[in-house]
Amino acid sequence: MTGPALIFDKPNAYIGQSTPRADTNRLLEGRGRFVDDIQLPRMLHAAFLRSPYAHAEIRGLDTSAAKAAPGVVRVLTGADLEGVVEPYVGVLTHLKGLRSAPQMPLAVDRARWQGEPLAMVLARSRAEAEDAAALIEADLDPIPAACDAETALDPDAPVIHPEFGSNLAWERLVDVGDVDAAFARDDVQVVSRTLRFGRHTGVTLETRAAVAEYDPSEDRLTFHYSGQAPHMMQFIFAKHLGLAEENVRVVANDVGGSFGIKIHTYGDEVATAAAAKLLGRPVKFVADRYESFLSDIHARDHVVEARMAVDKAGKIVALDFDDLTGIGPYSMYPRTSAIEANQVLNLTGAPYDLENYRARGRVVFQNKNMMCQYRAVGHPIAMAICDGLLEDAAAKIGMDVVEMRRVNLMRDDSYPRASASGMKLDDLSHQKALNVLVETMGYDALRAEQAELRARGVYRGIGFVSMVEVTNPSPMFYGIGGAPIASQDGATVRLDAGGGLRVSSSVTEQGQGTNAILAQIAAGVFGVPIERVTVTTGDTDTVPYGGGTWASRGAGIGGEAMLQAAHALKEQVLEVAAVMLQSDAATLDIQNGSVVDGSGARMTLSDLARTVYYRGNELPSDLKPELIATRHYRVTDFPFVFTNGAMAAHVEVDTETGLVKVLNFWAVEDCGRVINPKLVDEQVRGGVVQGIGGALYEECIYSEDGQLMNATMADYLVPMAVEMPDIVVRHVETPTKTSVLGAKGAGEAGTGGAPAAVMNAVNDALRPLGATLWQMPMTPERILKALGKV
Amino acid sequence: MTTHDITITINGEAITATVPARRNLVDFIRQEAGLTGSHVGCEHGVCGACTVEVNGTPVRGCLMLAVQADGAHVTTVEGLADTGRGHRLRAAFQTHNALQCGFCTPGMLASALEYVEGGGTADRTAIREHISGNYCRCTGYQAIVDAIVEVIETGEGA
Ligand code: FES
Ligand code: FES
């Protein structure tokens, strides 16, 4: 990769420093700008009537009492939106054979999950809208539902979309090498397990929220939302509400957590935009927590039959699994709900040297809330399958789990290469990361302590994971399949008259520190103090076109675009400076807000900019300075830029209560060049805690007939401070060669890896008692069942 | 619907309004006073995002009705910023990146302030216990604990 060299070694480079996030000031002082903070003249508030049944015919909705209720301005049903909203279908052409049915924001004649919006009330206050929604008389006829993914393909299961003839949405098979022959070898030992991964969800502390404004005089929609991908939503509203794309503005200011939850097309949000258009006045919708549990996408929901064959030396000879995943009644639009299973097939075993690999994935419709991409899409499943079986096999052949990984992990000098599933890999460091991990955690001492405590009836376990994370995706992820999802991102840098930099970028901020690292890169590469940089993200009217923040791409892709733009602006400025100072641009640099040469500061940037902007008469007429530069960047040589990590969990299992206490957690991460160590560490920690949540606590519990039983924050358990350990984070830095910046993503590794490490640790604790557990979350009840105590 | 005329002093400013009996305090603060720094995460007393000070004690603004706060003095995150109270905590939150999205932060600060001003020790477990009524979905809590520990160890108050 060619480009500006030496940017990392300059004084004030910022890249690599734990610069504090400037925009935390306003959040700390209560001056955040979240969607629910917006108040507009004549704004109405929306409340939804949602289906109480998992599957029901809608015979009629009598809205007369609701319409007459105090404060109500309008009540809309599915029928009212026909012709207003073009139905949407969540398929992608590169996921061959994937099918899903057309969806409308409000169900039209059939409700297909508990929580599906049926009608929308628009009133002067949310309270009045809710009162009126309760007055809608819904004549619903519950019909048999296919709730359980494991039985949804049975011949007698109710078919959710009769036109498809079955509940199968998609299936894919990867078959590499000769798996059957490998399992048939007489020198191998085989472990096989059924792994179950319950549903969980994002529980962003700020629920989904939207304020839609429509101005009929200009046919213009402005949609303020709590989300991650403004340009994607711009396309979606334009297409499905029949507006010109340039007449749709999508704004995402402060977002109270997203984790992938806020990157999808939700019926209630589309209905909010449609209602604003129909009524010509602003409409606000803020999901309450109950709605959020019922309608924010859920994650996981997999049952995996898996087996692994290993030889006497601990070498994995073959890996074979069958993954069944339930996605709800539709594939989510526009990213689809098949990506998670696709990732499981792509990523399982990817850290390891593996010749014989077979993976089958089936994605099935069911009458539950929709399942789709959530932080670390597919990763926790993929890592738990391979590393779970690896540690199981290690126990079976009596080999240490670290040693077994050393035997099987790809060698650090073996790249570029591909995984068994065909993923192109480069710049990874599994062996080194594992070594750093083992050293950091004091592995040998921990094992000794574990043995000593076991003798005293204290059951502690140590579990590992070696993992890859998909980051910096190329157009091969979505764009190739026809989705309106940009894989490239843009950055604009402008030198203002005062000598400050105004930068904007198409990646977005949900608390990761996107804006902070963009400022670091711009300030460092261009050469101004970071205080002189202001950053705009999350507004389709003003930022360059791009994909937003997802798949751990903000730093790697948005950051590289910013680096290139800042460098381009610097070259322009130096060209102007060279003319003004009558010197050679090659001898000039920009440092600390001034143009400098070997003898020191020659001119401040503000002098330069004021001359250009105000006193152009002082410049030669053939000099036409542009004190603004825009650059775009996309990954071209690889479908994804993988990172790697090695993590370990240390747990204690109380065999009387079944409670698991995570005592320690260590994460060694190689995300390439680290732009801001503090922010990366905190991304890893936050991710690990969500991973621990998925492994031990979090589950959307459904009744057999498809009722979500724990849709409150009191009943759905998210990790609390007192349950969580301090998490040690270390780095190996292998910059990616696909960019000058060299940064890969870091946002999802913790969530992707922690569940496998915790599961392995729990099983390490349980094994001497003759028990193991292969179901997440590993709740006290399940642990006691595994121990045969209940 | 029954309504009541009430006056609540928020950050030193008396606000009088006619409110329905069912309006909770945090909605009053956000809607009547226009102070949107206090957040709503669950509306059933679990997440702590709505925590504000009522007559000097942290209270879940979603569990108290506005009419119950008639005549009370309320301090919100904006009020803390205005008076400078808690400035060391805010600085430590920034240094340690003890907030990501910042949605939990107003409530978290209120609980942290109670702990530090109440003479809490720098014991990490005790701090974790104290803030366990405040959910944070982003940080994993460690940075928040680090920030509180630093403020206590500096020994100059919150
Ligand atoms: S909103 Fe009050 S505790 Fe969650
Ligand atoms: S910083 Fe996002 S919930 Fe705490």
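The values are calculated or read from the model by the stated rules, or taken from the named source; none is laboratory data. It should be emphasised that the depicted structure is a prediction, and the values quoted were computed from it without experimental measurement. When we count neighbours, we look across all protein chains shown, and the Cβ atoms used for this are built from the backbone with ideal geometry, even at glycine. Surface accessibility is based on the protein's heavy atoms, side chains included, excluding ligands, DNA and RNA. Shrake-Rupley method; radii C 1.70, N 1.55, O 1.52, S 1.80 Å.
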Problem set entry | Criterion violated by A:Gly686 - all others in (1) in contact with a Gly (Cβ under 9 Å, 6 or more places away or on another chain); (2) part of a strand (DSSP E or B); (3) within 14 Å of chain B (Cβ to nearest Cβ) satisfied | (2)
Problem set entry | Search result, residues across region B:112-129 that are in a helix (DSSP H, G or I) and more than 10 Å from chain A (Cβ to nearest Cβ) | B:Ala112, B:Leu113, B:Glu114, B:Tyr115, B:Val116, B:Glu117
For this session: Exactly one condition in (1) open to solvent by less than 10 Å² (accessible area, probe 1.4 Å); (2) closer than 15 Å to A:Met308 by Cα; (3) not acidic (Asp, Glu) is not met by A:Leu425; state its number.
Result: (2)
Seminar exercise, completed: Of the conditions (1) open to solvent by 40 Å² or more (accessible area, probe 1.4 Å); (2) in contact with a strand residue (DSSP E or B) (Cβ under 9 Å, 6 or more places away or on another chain); (3) outside the structural domain of A:Ala394 (by TED's automatic domain parsing), the single one that A:Ala418 does not satisfy is (3)
Exercise. Hey, any hits in region A:741-751 for a residue that's modelled with pLDDT under 95, touching a Pro at 6+ places or on another chain (Cβ under 7 Å) and either of a type in the set (Ser, Thr, Tyr) or under 23 Å from A:Ser18 (Cβ atoms) (or both)?
Worked result: yes
Seminar exercise, completed: Filtering region A:176-223 down to residues that are open to solvent by 50 Å² or more (accessible area, probe 1.4 Å) and either within 14 Å of chain B (Cβ to nearest Cβ) or charged (D, E, K, R) (or both) yields A:Asp178, A:Asp180, A:Arg185, A:Asp186, A:Asp187, A:Arg193, A:Arg196, A:Glu213, A:Asp215, A:Glu218, A:Asp219, A:Arg220
Problem set entry | Count - residues of region B:84-111 that are hydrophobic (A, V, I, L, M, F, W, C), within 13 Å of ligand 2 (Cβ to nearest atom) and touching a Leu at 6+ places or on another chain (Cβ under 8 Å) | 7
Exercise. Is it the case that region B:94-105 has a residue that's away from chain A (no Cβ under 12 Å) and away from ligand 1 (no atom under 15 Å from the Cβ)?
Worked result: no
Problem set entry | The lone exception for A:Val251 - which of (1) within 16 Å of ligand 2 (Cβ to nearest atom); (2) in contact with a His (Cβ under 8 Å, 6 or more places away or on another chain); (3) closer than 18 Å to A:Asn515 by Cβ it fails | (1)
For this session: Considering only region A:278-302, state which residues are crowded, with 22+ Cβ neighbours inside 10 Å, basic (Lys, Arg) and touching a Phe, Trp or Tyr at 6+ places or on another chain (Cβ under 8 Å).
Result: A:Arg300
For this session: Please find, within region B:26-53, the residue that is farthest from the other protein chains (Cβ to nearest Cβ) out of those that are open to solvent by 10 Å² or more (accessible area, probe 1.4 Å) and aliphatic (A, V, I, L, M).
Result: B:Ala33
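Listed here are the residues, each with its yes/no results for (1) crowded, with 22+ Cβ neighbours inside 10 Å; (2) within 25 Å of A:Glu781 (Cβ to Cβ); (3) assigned by TED's automatic domain parsing to the domain that holds A:Lys661.
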site: A:Ile727; (1), (2), (3): yes, no, yes
site: A:Pro735; (1), (2), (3): no, no, yes
site: A:Gly752; (1), (2), (3): yes, no, yes
site: A:Pro755; (1), (2), (3): yes, yes, yes
site: A:Ala761; (1), (2), (3): yes, yes, yes
Problem set entry | Residue in region A:399-406 that is in contact (Cβ under 8 Å) with a residue 12 or more places away in the chain and in contact with an Asp or Glu (Cβ under 6 Å, 6 or more places away or on another chain) present | yes
Exercise. What residue, among those in region A:302-314 that are within 33 Å of the chain's Cα centre (by Cα) and of a type outside the set (A, V, I, L, M), is farthest from A:Lys368 (Cα to Cα)?
Worked result: A:Arg307
For this session: Determine if region A:721-737 includes at least one residue that is within 16 Å of ligand 1 (Cβ to nearest atom) and touching a helix residue (DSSP H, G or I) at 6+ places or on another chain (Cβ under 9 Å).
Result: yes
Exercise. Tally time: how many residues in region A:237-259 are buried (at least 24 other Cβ atoms within 10 Å of the Cβ), more than 14 Å from chain B (Cβ to nearest Cβ) and among the β-branched types (Val, Ile, Thr)?
Worked result: 2
Exercise. Any idea which residue in region B:54-74 is farthest from ligand 1 (Cβ to nearest atom), counting only those that are open to solvent by 10 Å² or more (accessible area, probe 1.4 Å) and part of a helix (DSSP H, G or I)?
Worked result: B:Val67
Exercise. Looking at B:Ala81, is it out of contact with any strand residue (DSSP E or B) (no Cβ under 9 Å at 6 or more places or on another chain), more than 16 Å from ligand 2 (Cβ to nearest atom), assigned to a helix (DSSP H, G or I) and at the interface with another protein chain (Cβ under 7 Å from one of its Cβ atoms)?
Worked result: yes
For this session: Please specify each residue of region A:697-709 satisfying the condition of being under 26 Å from B:His96 (Cβ atoms) and either away from chain B (no Cβ under 14 Å) or open to solvent by less than 10 Å² (accessible area, probe 1.4 Å) (or both).
Result: A:Glu698
Exercise. If you take the residues of region B:2-25 that are assigned to a loop (DSSP other than H, G, I, E, B) and within 12 Å of chain A (Cβ to nearest Cβ), which of them is farthest from B:Pro106 (Cα to Cα)?
Worked result: B:Ala21
Problem set entry | Meets criteria (at the interface with chain A (Cβ under 7 Å from one of its Cβ atoms) and part of a helix (DSSP H, G or I)) for B:Ala143 | yes
Exercise. In the list A:Arg335, A:Arg307, which residue meets the criterion of being open to solvent by 10 Å² or more (accessible area, probe 1.4 Å) and assigned by TED's automatic domain parsing to the domain that holds A:Gly747?
Worked result: A:Arg307
Seminar exercise, completed: Pairing a residue in region B:86-103 that is outside any helix (DSSP H, G or I) with any residue that is of a type outside the set (A, V, I, L, M, F, W, C) and within 16 Å of ligand 1 (Cβ to nearest atom), where Cβ atoms lie under 6 Å and the two sit 6 or more apart in sequence or on different chains, gives B:Leu99/B:Thr105; B:Cys101/A:Gly256; B:Cys101/A:Gly257; B:Gly102/A:Gly32; B:Phe103/A:Glu206; B:Phe103/A:Gly256; B:Phe103/B:His39
For this session: Kindly list the number of the only condition in (1) under 23 Å from B:Gln31 (Cβ atoms); (2) within 12 Å of another protein chain (Cβ to nearest Cβ); (3) crowded, with 24+ Cβ neighbours inside 10 Å that fails for B:Arg90.
Result: (1)
Exercise. From B:Glu129, B:Glu114, which residue is of a type in the set (Asp, Glu), more than 14 Å from ligand 2 (Cβ to nearest atom) and touching a residue at least 12 places away in the same chain (Cβ under 8 Å)?
Worked result: B:Glu114
Exercise. Looking at B:Thr36, is it in a loop (DSSP other than H, G, I, E, B) and either touching a strand residue (DSSP E or B) at 6+ places or on another chain (Cβ under 9 Å) or within 22 Å of A:Asn253 (Cα to Cα) (or both)?
Worked result: yes
For this session: Pairs only if they're at least six apart or on different chains, beta carbon under 8 angstrom, first in region A:775-790 and acidic (Asp, Glu), second open to solvent by less than 50 Å² (accessible area, probe 1.4 Å); list them, first residue then second.
Result: A:Glu781/A:Gly658
